[in-house]
Amino acid sequence: MRTISFAIPCYNSAAYMERCIDPLLPFGNDVEIIIVDDGSTDDTGKIADHYAEQYPDFVRAIHQENGGHGEAVNTGIKNASGLYFKVVDSDDWIDEQGLTKVLQTLKTLVADNSAPDMMVCNYIYEKLAEGTRHVINYSNVFPRQQIFAWDDMKRFPPWKYLLMHSLIYKTQLLRDCGLKLPKHTFYVDNIFAYQPLPFVKTIYYLDVDLYHYFIGRQDQSVNESVMLKRIDQQLLVTRIMIGCHRLPGSVASKKLSSYMLGYLAIMMTICTVFLRISGTQEDVKKEKELWSFLISCDNGLYRHTLIRFLRMITTLPGNSGNKITVGLYNIARKVYKFN
C-alpha cells in the first residue's frame with residue numbers, strides 16, 4: 001500500500017497543472033497520483049492521459065462529466081488506494097522537501113504501529129503577481145513531533161483554522177465518516193476540513209511548509225467579486241456544516257467542540273458580510289433565513305455560535321451598521337486571504 005494518495009481535481013487546468021503534478025513524480029514509490037479530469041474542454045484530459053501513460057505504476061487519469069470540485073474530490077476518495085489521502089488543487093503545488101519529511105515521518109509512524117488519523121502541516125499563501133508569501137503554521141497551537149489528541153491543543157486564532165491545504169487524513173477515515181461533498185458547489189473544502197474532525201482521535205503535527213496555495217487568478221473562488229456572485233453556494237456549504245454534527249454535546253472533546261463552534265461562527269460571519277455588502281432585499285432575506293435555519297436545527301448550537309459571532313463583531317470600532325460590516329469584511333479577508 002502506498003503511503004499517500006494525492007487527488008488532483010482538474011477543470012480546464014492545462015495552463016498550470018504541470019506545476020502541480022511534477023513535484024509529486026519523484027515520490028512514485030510512496031505515492032499515488034489521481035488526476036481527476038472534471039469535464040474539461042481544453043487539453044487537461046490529454047495532459048492527464050500523458051502522465052498516466054508515462055508513469056503507469058502510480059499515476060491514474062480519471063475522466064468524468066463535470067461535477068465541480070467536490071465531486072472530483074469524491075472521485076479521488078472513492079478510487080484512492082493509499083493509506084492517507086490529500087487533495088492538491090491543480091493551480092497549487094506541494095513542496096518537495098516538505099513532502100520528503102512528511103513521507104519519512106508517516107512511514108516511521110506506520111512501522112511503529114502509531115499511524116495517526118490525521119497529519120497537519122503548514123501551508124503558504126502565494127501571491128505570485130505581487131511576489132509575496134505568507135506562511136500559516138500551527139506551532140503555537142499543536143504539540144510538535146508527537147502523537148496527540150484534541151484536548152492537547154491550544155486556542156486557534158480565527159485566521160489559523162485548519163483548511164484542506166493543511167490536512168492529510170487516513171483514507172479509510174474519510175470513507176467511514178460518510179464524507180460526500182455536494183456537486184457543482186464551491187467552498188466545499190470547508191466541509192472537508194470540518195465534517196471528519198470528530199472521527200479523528202489521534203493527530204500528528206509536522207512543522208514543515210508543505211502546501212503552496214496560489215492566489216491571484218481573477219476567476220478564483222476567493223476573489224471578492226466571485227464570492228459575491230457565489231453567495232448561494234457559500235450558504236449551502238454553511239447549512240451542510242450546521243447539519244453535520246449536534247454541537248456541543250455530540251463531540252466528546254470540549255476543545256474540539258469549541259473549535260468547531262468557532263468555525264461555524266466564522267462561516268456565519270463570512271455569509272453575513274457578503275449578504276450585507278450586496279445589500280439587496282433578497283440578500284437581507286437570505287441572511288434572516290440562514291440564522292433562522294441555525295435556530296431550527298439546534299437552539300443550543302445557535303446560542304453557542306451567536307456568542308462567538310458577537311465576540312468577533314464586539315471587538316470592532318463603533319457600533320453602527322456600516323462599521324460592523326467593514327469589520328466583518330476584514331474578518332472575512334483574514335480567513336480567505338482575498339485582495
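The values are calculated or read from the model by the stated rules, or taken from the named source; none is laboratory data. The shown structure was predicted, so the numbers you read here are calculated from the model rather than taken from an experiment. Here the Cβ is made from the backbone with ideal geometry for all residues, glycine too, and neighbour counts use every protein chain on show. What goes into the accessible areas is simple: the full protein's heavy atoms, side chains included, and nothing from ligands, DNA or RNA. Shrake-Rupley method; radii C 1.70, N 1.55, O 1.52, S 1.80 Å.
So here's what we get for this one:
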item	result
Pair list, Cβ < 7 Å and 6+ apart or interchain, from the stretch 50-71 residues that are under 13 Å from Ala7 (Cβ atoms) to residues that are among the acidic types (Asp, Glu) and open to solvent by 40 Å² or more (accessible area, probe 1.4 Å)	Ala61/Asp49
Meets criteria (closer than 26 Å to Met268 by Cα and either open to solvent by less than 40 Å² (accessible area, probe 1.4 Å) or free of Cβ contacts under 8 Å to residues at least 40 places away in the same chain (or both)) for Pro196	yes
Matching option when the condition is over 13 Å from Val88 (Cβ atoms), out of contact with any Cys (no Cβ under 8 Å at 6 or more places or on another chain) and open to solvent by 10 Å² or more (accessible area, probe 1.4 Å), among Asp30, Asp22	Asp30
Qualifying positions in the stretch 1-56 - of a type in the set (Ser, Thr, Tyr) and under 25 Å from Phe186 (Cα atoms)	Ser5, Tyr11, Ser13, Tyr16, Ser40, Thr41, Thr44
Tally, over the stretch 150-169, of residues that are in contact with a Pro (Cβ under 8 Å, 6 or more places away or on another chain) and open to solvent by 20 Å² or more (accessible area, probe 1.4 Å)	1
Number of positions in the stretch 1-16 that are hydrophobic (A, V, I, L, M, F, W, C) and open to solvent by 50 Å² or more (accessible area, probe 1.4 Å)	2
Hits in the stretch 46-55 - residues which are out of contact with any helix residue (DSSP H, G or I) (no Cβ under 7 Å at 6 or more places or on another chain) and surrounded by 18 or more Cβ atoms within 10 Å (Cβ to Cβ)	Ala48
Top-ranked residue of the stretch 56-82 - restricted to ones that are of a type in the set (D, E, K, R) and outside any loop (DSSP other than H, G, I, E, B), ranked as surrounded by the most Cβ atoms within 10 Å (Cβ to Cβ)	Glu71
